[in-house]
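The values are calculated or read from the model by the stated rules, or taken from the named source; none is laboratory data. All values derive from a computational prediction rather than experimental measurement. FYI the Cβ positions are ideal-geometry reconstructions off the backbone, even for glycines, and counts take in every protein chain you see.
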Amino acid sequence: MLPDKSAVIAAIDADLLHQIEAATARARAIAESAVHDEARSEDSHDTRAIEESYLARGQAQRVADMELDRATIRSLVPLDFSKGRPIAATALVALEDDSEQCLVVFLAPAAGGLSVEVEGTTVRVVSPQAPLGSAVVGKSFDDDVEVKAGRTHREYSIVAVR
């Protein structure tokens, strides 16, 4: 049911690297556009070059944030949760709702919101601070959890932990 945890971490790392490369290329293209002759101001109200420089700076910050996430993911020391250890960061958790829909999450301090496909299973990266993450932290196999996020209320059973 649960994929290999090292394969999950490798897939997260690869996805982040792909995103970093794409964002870096976009940042370069925007920066080049900002200094291109066509970006020169035609009058005092023309702010194309300034706007593009803001975009380039924002894209560069996004790259830096993703590089930090990648470094954090690469430095994780996966813990073994098969012996009943309470769920914490680096846990790979399978949750089942009332309609028997399964959700697989990997608790990580970085890259929250990312989803990767590993061994035919979609794994969602969830931070321990997110509503779902905080609901499962400290729980164990076979526990039930309630997740409240805004007006949404969901109940899950923990059906597997690695």
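Each residue in the range 54-83 was checked for being in a loop (DSSP other than H, G, I, E, B) and polar (S, T, N, Q), and 2 pass.
Residue check: Thr122 meets all listed conditions (1) touching a residue at least 40 places away in the same chain (Cβ under 8 Å); (2) under 19 Å from Pro3 (Cβ atoms) but one, namely (1).
Is it the case that Leu55 is surrounded by 13 or more Cβ atoms within 10 Å (Cβ to Cβ), modelled with pLDDT under 85 and either within 18 Å of Val126 (Cβ to Cβ) or not assigned by TED's automatic domain parsing to the domain that holds Tyr156 (or both)? Steps first, please.
Values: surrounded by 13 or more Cβ atoms within 10 Å (Cβ to Cβ): yes; modelled with pLDDT under 85: yes; either within 18 Å of Val126 (Cβ to Cβ) or not assigned by TED's automatic domain parsing to the domain that holds Tyr156 (or both): yes.
Against the criterion (surrounded by 13 or more Cβ atoms within 10 Å (Cβ to Cβ), modelled with pLDDT under 85 and either within 18 Å of Val126 (Cβ to Cβ) or not assigned by TED's automatic domain parsing to the domain that holds Tyr156 (or both)), Leu55 qualifies.
When Leu95 is tested against the conditions (1) in contact (Cβ under 8 Å) with a residue 24 or more places away in the chain; (2) part of a loop (DSSP other than H, G, I, E, B), the lone failure is (2). Can Ala94 be described as out of contact with any Cys (no Cβ under 9 Å at 6 or more places or on another chain) and not charged (D, E, K, R)? So Ala94 does not fit the description; no. Annotation: of all residues in the range 142-162 being hydrophobic (A, V, I, L, M, F, W, C) and crowded, with 18+ Cβ neighbours inside 10 Å, the one that is nearest to Lys5 (Cα to Cα) is Val161.
Gly113 meets each of the listed conditions (1) closer than 18 Å to Gln19 by Cα; (2) not assigned by TED's automatic domain parsing to the domain that holds Leu132 apart from (2). Of Ile50, Ile12, all but one fail to be part of a helix (DSSP H, G or I), modelled with pLDDT under 95 and of a type in the set (Val, Ile, Thr); the exception is Ile50.
Among the residues making up the range 80-96, those that are surrounded by fewer than 21 Cβ atoms within 10 Å (Cβ to Cβ), modelled with pLDDT of 95 or more and of a type outside the set (Gly, Ala, Ser) are Pro86, Thr90, Glu96.
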